[in-house]
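The values are calculated or read from the model by the stated rules, or taken from the named source; none is laboratory data. Only a predicted model underlies this, so the values are computations on that prediction, with no experimental measurement involved. All Cβ positions, glycine included, derive from the backbone under ideal geometry; neighbour counts span all protein chains shown.
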Amino acid sequence: MARAINCEKCGAKLRPGRDRCPRCRAFITAPDPARQHATSRKLARISAATAGSFLVLVAGLWIWREWSTPRSSAKSAVAHAVATPRAVPEPVNEPVRTLPQIGRDRPFLDAKGAGAAAYQEGDYATAVADFQAALEKNPQDTDALSNLGQVLVKMNRPADAIPYLTRAASLAADRWAYQFNLARALGLVGRLDESIQGYRRAQELFPNDYVTTFNLALSLHKHGDDGAAVDQYQKAINLQPDDASFRKALAISYERLEKGAEASAAYQEYLRLSPAAPDADKVRARIGELTGTLVPSP
């Protein structure tokens, strides 16, 4: 049975075989089945290509979002905090060893980290409280013990610092900084015998540290052993030959030993290294007294 056709001009439905539309009188063209089939196939291919392009676009957008999304988490933030360098002691007369720059507004800081931040900012009272809180959690924490002692020394409380520094030095006897800090605190309270022993232990751990050697020489001088002090001053000068203060300290010990010529030579080296020193005129006068000559100003 033949299928009905539609008028291409007015859309009226017609019986097959008619050559004109009874409504609009337009001529009817018989459909070409082969052409209709080719057109249908072309439309199908266009539709498939359009659908495929849309799927590719959606997939590309999804992949781009996955690649561009940062993969950060609370775990990575905490790992970064843990990787922050530990606080390093900052002894007096020692090359500056600053504590790490840590923002105190970071909520993941533990008590020890908060103490280090407070110390860095000069808030010593808060630093003491934070380090004490860290020790309540772990009494064997040598860093907290040493840093607490250092803060107390900064607050001119060396006697209060000594128990913490002693415990840190006993728990980690191979740590130079702990031995040095304890020896310095002992010297500040006048316990010179123990201070000298502490500096000698620190020197064994770090033989080439000129600050340790110089502080040992100063302690020996204060203790009245200028012969031993001279030996240590000379070692310090060999390690750091450009420090003028070492030559002046050496000259003072030579004077105590009544070695005027050696003292004069050390004073002259002091002036050579520091000709514009505030006490330069006094030192020149002292050289003149030791040698019996007048030392002119440069």
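Conditions first: (1) farther than 21 Å from Ala249 by Cα; (2) touching a helix residue (DSSP H, G or I) at 6+ places or on another chain (Cβ under 7 Å); (3) part of a helix (DSSP H, G or I). Ala159 passes all but one, so which condition is the exception?
The single condition Ala159 does not satisfy is (2).
Out of Ala144, Ala127, Ala134, report the one residue that is closer than 18 Å to Gly113 by Cβ, surrounded by fewer than 24 Cβ atoms within 10 Å (Cβ to Cβ) and within 25 Å of the chain's Cα centre (by Cα).
Numbers: Ala144 fails: surrounded by fewer than 24 Cβ atoms within 10 Å (Cβ to Cβ); Ala127 fails: surrounded by fewer than 24 Cβ atoms within 10 Å (Cβ to Cβ).
Exactly one residue qualifies, and that residue is Ala134.
Go through (1) in contact (Cβ under 8 Å) with a residue 40 or more places away in the chain; (2) in contact with a helix residue (DSSP H, G or I) (Cβ under 6 Å, 6 or more places away or on another chain) one by one and return the number of the condition Tyr254 breaks.
Answer for Tyr254: the failing condition is (1).
Can you find, within segment 261-282, the residue that is modelled with the highest pLDDT among those that are surrounded by fewer than 20 Cβ atoms within 10 Å (Cβ to Cβ) and touching a Phe, Trp or Tyr at 6+ places or on another chain (Cβ under 8 Å)?
Glu262
Quick check, is Phe214 surrounded by 16 or more Cβ atoms within 10 Å (Cβ to Cβ), in contact (Cβ under 8 Å) with a residue 60 or more places away in the chain and either out of contact with any Ser or Thr (no Cβ under 7 Å at 6 or more places or on another chain) or charged (D, E, K, R) (or both)? Explain how you work it out, then say what you get.
Details: surrounded by 16 or more Cβ atoms within 10 Å (Cβ to Cβ): yes; in contact (Cβ under 8 Å) with a residue 60 or more places away in the chain: yes; either out of contact with any Ser or Thr (no Cβ under 7 Å at 6 or more places or on another chain) or charged (D, E, K, R) (or both): yes.
Yes.
If you go through segment 243-258 one residue at a time, how many are closer than 14 Å to Ala277 by Cα and among the acidic types (Asp, Glu)?
Residues of segment 243-258 that are closer than 14 Å to Ala277 by Cα, as a first pass: 243-248.
Filter once more, keeping what is among the acidic types (Asp, Glu): 243.
Total satisfying the criteria: 1.
When you go through Ala177, Ala159, Ala202 one by one, which is the residue that is surrounded by fewer than 18 Cβ atoms within 10 Å (Cβ to Cβ) and not charged (D, E, K, R)? Show your work before the answer.
On the way: Ala177 fails: surrounded by fewer than 18 Cβ atoms within 10 Å (Cβ to Cβ); Ala202 fails: surrounded by fewer than 18 Cβ atoms within 10 Å (Cβ to Cβ).
From the options Ala177, Ala159, Ala202, the qualifying one is Ala159.
So is Ala168 assigned to a helix (DSSP H, G or I), among the aliphatic types (A, V, I, L, M) and farther than 30 Å from Ala265 by Cβ or not? Lay out the reasoning, then the answer.
Numbers: assigned to a helix (DSSP H, G or I): yes; among the aliphatic types (A, V, I, L, M): yes; farther than 30 Å from Ala265 by Cβ: yes.
Yes; evaluated as a whole, the condition is true for this residue.
Taking the criterion of being within 27 Å of the chain's Cα centre (by Cα) and surrounded by 15 or more Cβ atoms within 10 Å (Cβ to Cβ), would at least one residue in segment 185-198 satisfy it? Step through it out loud before you land on a result.
Our first condition is that a residue be within 27 Å of the chain's Cα centre (by Cα); within segment 185-198, this holds for 185.
Narrowing the set further to residues that are surrounded by 15 or more Cβ atoms within 10 Å (Cβ to Cβ) leaves 185.
Yes, that holds for at least one residue.
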